[in-house]
Amino acid sequence: MKHLEFVDKIAKLGISLRSTNIENKVREIEIYRFLKTKKIVMKDFKLTWKEKEYGETEPIKAILAKAVDMDSWKHSWHTEMIPENYEKIKTIIQEKIINRATEIDELMSIYFQLHYEMSNE
């Protein structure tokens, strides 16, 4: 799907799309690799590892992998859906909403980075 088709399709769903990247603003995206947390720095559509190690993959590959691999935990397997657990369920939902807002923010940055990379080919 073309970028403008994508923007139009989600606009029809009532979702506004805009980049959250601001000129000269530095964004750090955490990547979990080999039992370590690593950070990729995004600034003006330039990607760099905060602490690059020998043989490290390209930052674009790492953030794209993160974007497609998000989410896996299923709370319903571990929490019975009964009124006694509603407070716990409410907390889980609240945390998921907050996490999703953060993930959407990261996904938007990654999407616009990918769009930028593709437009420069």
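The values are calculated or read from the model by the stated rules, or taken from the named source; none is laboratory data. Keep in mind it's a predicted model, so treat the numbers as computed, not measured. Neighbour counts run over all protein chains shown; Cβ positions are idealised from the backbone, glycine included.
Which condition does Ala67 not pass, out of (1) at pLDDT 75 or above; (2) exposed (fewer than 10 other Cβ atoms within 10 Å of the Cβ), if it passes all the others?
(2)
So for region 49-70 (the condition being closer than 21 Å to Ala101 by Cα and assigned to a loop (DSSP other than H, G, I, E, B)), does at least one residue qualify? I'd like the intermediate steps shown before the answer.
Taking region 49-70 first, the residues closer than 21 Å to Ala101 by Cα are 62-70.
Next cut, assigned to a loop (DSSP other than H, G, I, E, B) only: 70.
Yes, region 49-70 has at least one match.
Limited to region 74-120, what total is found for residues that are within 25 Å of Glu28 (Cα to Cα) and of a type in the set (D, E, K, R)? Working first, answer last.
Initial filter on region 74-120 (within 25 Å of Glu28 (Cα to Cα)): 94-120.
Restricting the remaining residues to those that are of a type in the set (D, E, K, R) gives 95-96, 100, 103, 105-106, 117.
Matching residues across region 74-120 total 7.
Have a look at Thr48, Thr37 and point out the one that is at pLDDT 80 or above, within 21 Å of Met118 (Cβ to Cβ) and in contact with a strand residue (DSSP E or B) (Cβ under 6 Å, 6 or more places away or on another chain).
Values: Thr37 fails: within 21 Å of Met118 (Cβ to Cβ).
Among Thr48, Thr37, only Thr48 is at pLDDT 80 or above, within 21 Å of Met118 (Cβ to Cβ) and in contact with a strand residue (DSSP E or B) (Cβ under 6 Å, 6 or more places away or on another chain).
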